[in-house]
Amino acid sequence: MTSAVVDALRAVGSRLELASVMESVTRAMDFRHYALIHHDDLREARTDRVDLKDYPAAITERLIGQHRYRRDPVIRGCIFADSAFLWSDLPRLIELDRQDLASFELGAREGLNEGITVPYVRLGDRMGSCTFAGTHQPERAHRYLGASQMIGIFAFQAARRLVLGQAPIVPALPGLHPRPRDCVILAGRGYSNKEIARALALTPRTVDGYLTEARRIFDAHDRTELVVSAVLAGEIGLDELRPRQPE
């Protein structure tokens, strides 16, 4: 089945064809919903962003309408995963908080009891993902991890080709100057503003100004959103968020 699906995805010529293939694949793997999305603000249609999904309206409103995608545990999990992962395995990838548990509870009420998400990473582009979610047999979902990995990558590539055309288009990324970038990195390591100021030989007021401007650039409401957004945009790498050992 996987080979035939890959061939079909490579041949799709329209959004309607891609949606038809995704619907068939989703049902064949005993899931009810799918999503192909760039991890970005999708409240308005854009010609450089993938946004093809069949999700419950309440979930779409929460993630997109309420601009909560940056806090979504599945999207955060994509940052740390190197391949397709089960939603039930997310505690192995990230630390879940009360907001995350509330997101899962809402999802379960809407029929998203288990899912498989495939991260999509391309140099110079926003991170994206392919997700299959909601199943009658969550205990059997792991059987489709391999198929989801292969299908998810080709599906996102097909969606991206339909959106951008054949020629690769690298969107401009929000630019952080060196010192503000250093502040975001240290904020991601858990430093307070005073600790960042001491580490970089700056005043706390300067640090606050840098972080405020960085949040404006990324339209981030708090430090968590700022760090996640900077990672998703390729401005900073995950390796830079790891605490440095004393030399």
The residue from Leu90, Leu86, Leu42, Leu36 that alone is within 13 Å of the chain's Cα centre (by Cα) and at pLDDT 95 or above is Leu36
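Only one residue in Gly175, Gly209 is out of contact with any strand residue (DSSP E or B) (no Cβ under 9 Å at 6 or more places or on another chain), part of a loop (DSSP other than H, G, I, E, B) and within 23 Å of Arg70 (Cα to Cα). Which one? Outline the logic, then answer.
Working: Gly209 fails: part of a loop (DSSP other than H, G, I, E, B).
One residue alone meets the criteria, Gly175.
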Is there a residue being open to solvent by less than 60 Å² (accessible area, probe 1.4 Å) and at pLDDT 90 or above anywhere in the stretch 228-247?
-> no
Please determine, by comparing only the residues of the stretch 209-227 that are in contact with a Leu (Cβ under 9 Å, 6 or more places away or on another chain) and under 25 Å from Ala81 (Cβ atoms), which one is surrounded by the fewest Cβ atoms within 10 Å (Cβ to Cβ).
-> Arg223
Check on Leu90, open to solvent by 20 Å² or more (accessible area, probe 1.4 Å) and either touching a helix residue (DSSP H, G or I) at 6+ places or on another chain (Cβ under 7 Å) or under 21 Å from Ile37 (Cα atoms) (or both) = no
Kindly indicate whether Arg46 is touching a residue at least 40 places away in the same chain (Cβ under 8 Å) and either under 20 Å from Val228 (Cβ atoms) or in contact with a Phe, Trp or Tyr (Cβ under 7 Å, 6 or more places away or on another chain) (or both).
-> no
Does any residue of the stretch 93-100 turn out to be surrounded by 14 or more Cβ atoms within 10 Å (Cβ to Cβ), at pLDDT below 95 and part of a helix (DSSP H, G or I)?
-> yes
Would you check if Asp82 is touching a His at 6+ places or on another chain (Cβ under 9 Å), in a loop (DSSP other than H, G, I, E, B) and acidic (Asp, Glu)?
-> no
Going by the structure shown, is Ala147 more than 18 Å from Arg71 (Cβ to Cβ), open to solvent by 30 Å² or more (accessible area, probe 1.4 Å) and not hydroxyl-bearing (Ser, Thr, Tyr)?
-> no
Within the stretch 72-85, is even one residue in contact with a strand residue (DSSP E or B) (Cβ under 9 Å, 6 or more places away or on another chain) and among the hydroxyl-bearing types (Ser, Thr, Tyr)?
-> yes
Looking at the stretch 1-43, which of its residues are free of Cβ contacts under 8 Å to residues at least 12 places away in the same chain and hydrophobic (A, V, I, L, M, F, W, C)?
-> Ala4, Ala11, Leu16
The listed residue being small (Gly, Ala, Ser), more than 30 Å from Glu240 (Cβ to Cβ) and in contact (Cβ under 8 Å) with a residue 40 or more places away in the chain, out of Gly77, Gly107, Gly115 = Gly107
Take Leu176 and decide whether it is of a type outside the set (Ser, Thr, Tyr), surrounded by fewer than 22 Cβ atoms within 10 Å (Cβ to Cβ) and under 22 Å from Gly234 (Cα atoms).
-> yes
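Criterion first (among the β-branched types (Val, Ile, Thr) and in contact (Cβ under 8 Å) with a residue 40 or more places away in the chain) does Val228 satisfy it? Show your work before the answer.
Numbers: among the β-branched types (Val, Ile, Thr): yes; in contact (Cβ under 8 Å) with a residue 40 or more places away in the chain: yes.
Against the criterion (among the β-branched types (Val, Ile, Thr) and in contact (Cβ under 8 Å) with a residue 40 or more places away in the chain), Val228 qualifies.
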Residue, most open to solvent (accessible area, probe 1.4 Å), within the stretch 17-69, restricted to residues that are β-branched (Val, Ile, Thr) and not in a strand (DSSP E or B) = Thr47
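The values are calculated or read from the model by the stated rules, or taken from the named source; none is laboratory data. Note that the structure is predicted; figures quoted are calculated from it, not measured. When we count neighbours, we look across all protein chains shown, and the Cβ atoms used for this are built from the backbone with ideal geometry, even at glycine. Note: areas computed on protein heavy atoms with side chains; ligands, DNA, RNA excluded. Shrake-Rupley method; radii C 1.70, N 1.55, O 1.52, S 1.80 Å.
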